[in-house]
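The values are calculated or read from the model by the stated rules, or taken from the named source; none is laboratory data. Since this is a predicted model, take the numbers as computed values, not measurements. Ideal geometry is used to build each Cβ from the backbone, glycine not excepted, and the neighbour counts take in all protein chains shown. Calculation scope for accessible area: heavy atoms of the full protein, side chains included, ligands and nucleic acids excluded. Shrake-Rupley method; radii C 1.70, N 1.55, O 1.52, S 1.80 Å.
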Amino acid sequence: MSKKIVTFGEIMLRLTTPDNLRIQQSRDFLVNYGGSEANVAISIANFGGEVEFITRLPDNDLGETCISELRSHNIGTNHILFGGHRLGTYYMEKAAAMRNSKVIYDRENSSFSELKPGMINWREIFKDASIFHWSGIDAALTSGLAEVCKEAIDVAKEMGLKISYDINYRKNLWNYGKSAQEVLLPLMKDSDIMFGSEGEYALVTGIKAPGFKATKSGEKYDVAAYEKFCQEISKHIPHCKYIYIALRNVISSEHHTFAGILYTNGEMKYTRVFDIDNVIDCVGVGDAFCGAMLYAQSAYNDNQKRVDFSTAASVLKNTISGDYNMVKVSEVESLIASQENGEVAR
């Protein structure tokens, strides 16, 4: 069976203030492109995986630039639709010390947000694919997009694809009269692979998260509490075979600790704590986890190796500016080896 992965979502124009300026101070912006599912696709391709990205772009120079950007990362673009009049945009003010980052979205009435059921030929797209990946952001933008997600999931399930889902909760995107729980719970029940932070799992299931409080590399955390947490989650999504959870403690904007969990077949695998004390850009860290996770599902049979690889790749993304995780398999495996040898990851 083909190992091609299909990802669905919006790629946007990212405008970032330079030199840690606030938006009100900046007269120039750094131009980049990104978006959760596009970031996932680029990670997969960067590791050598085959991936097709599905979206809708305006038929203008910005749309063509997005196509060129995706192709430069070896992303398949043959099924991308053109239509509508504008590319979604977001403005990024990076965090500094104790000041949090700020994101302003300008994606209303974008070409992607105007997608409706029947516009995408999912059967044609899925005929040579093995995994379909989507995220909660897709369903958050409009009720029409939530219906498109259901349409894609139903066809993927019928055609025998594995369904991968990133909870990806963004509070300020849910503005069309339905709650995230109301929309996402029915859609996520067909997932074979799922990813989220402990807070996102708590949000959609109503189960209290243990709370990750590690402050240094190699620190012990409450594994038993997380195993119980995973057991409770699995009762809500019994069909899901692989439940991945990202654990993060933000000590300051430049100093985070991070670990990962995988619960499968009633057994939990977990990583050591990584201490990241020089965070360059934490945007796309969850997407980096997802991309590495989907690559690892095919590349490795060992579940400990899968969660180690996904977590280490996500940790490395913190050191890279922009939305994409520009690291190679060898770099990820080198970081894993350093942890296994007892070296401190900083």
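Rank these by accessible area, largest first, 1.4 Å probe: Tyr91, Tyr295. Please report the intermediate quantities before stating the final value.
Working: Tyr91 70, Tyr295 45 Å².
Order by accessible area, largest first: Tyr91, Tyr295.
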**Asked** DSSP beta bridges in the chain, what fraction antiparallel, as a percent rounded to 5?
**Response** 50
**Complete:** The farthest towards the positive end of the charge dipole of region 117-229, of the residues Tyr169, Met159, Gly218, given +1 on Cβ of Lys and Arg and -1 on Cβ of Asp and Glu, is Gly218
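With every protein chain kept in place and ligands, DNA and RNA left out, what is the accessible area per residue of region 1-160? Probe 1.4 Å, answer in Å². Show your work: numbers first, answer last.
Details: 6810 Å² over 160 residues.
The answer is 43 Å² per residue.
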**Item:** Area of Val283 that stays accessible when all protein chains are in place (1.4 Å probe, Å², to 10)
**Value:** 30
**Prompt:** Just one of (i) 28, 25, 20; (ii) 35, 25, 18; (iii) 47, 21, 16 is semi-axes √(5λ) of the Cα gyration tensor in Å as worked out from the coordinates here. Which one is it?
**Reply:** (i)
**Message:** I'd like the accessible area for Arg170, computed on protein heavy atoms only with a 1.4 Å probe and all protein chains in place. Round to 10 Å², please.
**Reply:** 80
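Among the GluC sites (Glu not before Pro) within region 127-236, which fall in a DSSP loop and have no more than 15 other Cβ atoms within 10 Å of their own Cβ?
Details: sites: Glu147, Glu151, Glu158, Glu182, Glu198, Glu200, Glu219, Glu227, Glu232; in loops: Glu219.
Here the GluC sites (Glu not before Pro) that fit, given the DSSP loop and packing criteria, are Glu219.
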**Asked** Among Thr65, Thr311, Thr271, which one shows the biggest mean-square fluctuation in a GNM of the chain, springs joining Cα atoms closer than 10 Å?
**Response** Thr65
**Selected from Ala140, Ile125, Val6, residue furthest toward positive end of dipole (region 1-148; charges at beta carbon)** = Ala140
**Prompt:** Using a simple charge model, +1 on the beta-carbon of Lys and Arg, -1 on the beta-carbon of Asp and Glu, nothing else, what dipole does region 86-177 show about its Cα centre, in debye to the nearest 20?
**Reply:** 360
**Asked** Size of the dipole of the chain about the Cα centre, Lys and Arg at +1 and Asp and Glu at -1 on the beta carbon, nothing else charged, in debye to 20?
**Response** 580
**Prompt:** With the contact rule set at Cα under 8 Å and sequence spacing of 6 or more, what percent relative contact order holds for the chain?
**Reply:** 15
**Fill in**
Which residues qualify? For Lys4, with a placed amide H closer than 5 Å and at least 5 residues away or on another chain, they are Ser130
**Item:** Ellipticity estimate at 222 nm from DSSP helix runs (n ≥ 4, -39,500 (n - 2.57)) divided over the chain, nearest 500
**Value:** -11000 deg cm²/dmol
**Request:** Mind checking the per residue accessible area of region 212-287 for me, 1.4 Å probe, whole number of Å²?
**Result:** 43
**Message:** With a 1.4 Å probe and all protein chains kept in place, how do Lys94, Lys228, Lys150 rank by accessible area, largest first?
**Reply:** Lys228, Lys150, Lys94
**Request:** With a 10 Å radius around each residue's Cβ, average the other Cβ atoms per peptide and rank 327-334, 56-63, 41-48, highest first.
**Result:** 41-48, 56-63, 327-334
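I want the local charge near His85. Using Cβ-Cβ distances under 10 Å, sum +1 for each Lys or Arg and -1 for each Asp or Glu among the other residues.
Numbers: positive: Arg86; negative: Asp59, Glu114.
Within the 10 Å Cβ shell, the charges total -1.
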**Request:** Provide the net charge surrounding Ala214, with neighbours chosen by a C-beta distance below 11 Å and charges set as Lys +1, Arg +1, Asp -1, Glu -1.
**Result:** +2
**Asked** What spacing in nm lies between the two simple spin-label points modelled at His85 and Asn175, each 7 Å away from Cα in the Cβ direction?
**Response** 1.8
**Request:** Could you look at the chain and say what percent of its accessible area is carbon and sulfur, using a 1.4 Å probe and all protein chains?
**Result:** 48
